[in-house]
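Worksheet: the structure to be examined is printed underneath.
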Amino acid sequence: MTAQDVFESLNKSFGEKIQNKTEFRGETTLTIAASDLRTVAKFCHEELSFDYLLDITSIDNFGEDPRFEVVYHLYSMPHSVHLRLNLKVPDEAQSVDTVCDIWPTANWHEREIYDMMGIKFNGHPDLRRILMWDGYPYFPLRKDFPLQGLPSEMPDVAFTKVTPMEGGPFVTVPSTATSKDREPRGRPPEL
């Protein structure tokens, strides 16, 4: 089965559900509705041999409607074909269905997206924070999250005062210096 056969099969089965098709450098991106994810993903896995979920990413289009997108990067090892499934996440739901049962590696990707962007995955077996601590009230990769961080209390953890994220280390100082000197691990207190 060639790449052309794969995409013809997708178009034949889901032509009305494919909202947009983009090709760039030999890779194809299909935009579909979030409600069609499970149907299209199962078909890709079972019928077209997209056996490898490379990554799941999320995009914050702050100021646009819908604000969030989730992008699934798939690869078919038998056919050597890349495919992206792009979903626009409805603002009112801010959730999509899990694909953990289709590709088990989706588990940690979905947890990271939930932790950093706040997008929930319906039916996920263990949807909890993976990088930030339980109870952290913010989502650090959203575009409305300030670069200098936000103060918050961390009860029953190693710190008892305002979190060390406030004031850095994610703040760079504009200069002509090299990146090693311009982006230190922590900001000096005088800045």
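The values are calculated or read from the model by the stated rules, or taken from the named source; none is laboratory data. Model, not experiment: these values are computed from the prediction. Every residue, glycine among them, receives a Cβ derived from its backbone with ideal geometry; neighbour counts consider all protein chains shown.
Kindly establish whether PRO146 is exposed (fewer than 14 other Cβ atoms within 10 Å of the Cβ) and modelled with pLDDT of 65 or more.
Considered against the rule, which asks whether it is exposed (fewer than 14 other Cβ atoms within 10 Å of the Cβ) and modelled with pLDDT of 65 or more, PRO146 comes out as yes.
Quick check on my filter: what residues within the range 44-56 are surrounded by fewer than 17 Cβ atoms within 10 Å (Cβ to Cβ) and in contact (Cβ under 8 Å) with a residue 12 or more places away in the chain?
GLU47, SER49, ASP51, TYR52, LEU54, ASP55
Tell me the residue from PRO104, PRO90 that is surrounded by fewer than 17 Cβ atoms within 10 Å (Cβ to Cβ) and in contact with a Pro (Cβ under 7 Å, 6 or more places away or on another chain), please.
The conditions single out PRO90.
Under the condition of being in a strand (DSSP E or B) and in contact (Cβ under 8 Å) with a residue 60 or more places away in the chain, which residue from the range 74-85 is surrounded by the fewest Cβ atoms within 10 Å (Cβ to Cβ)?
Out of the qualifying residues, it is SER76.
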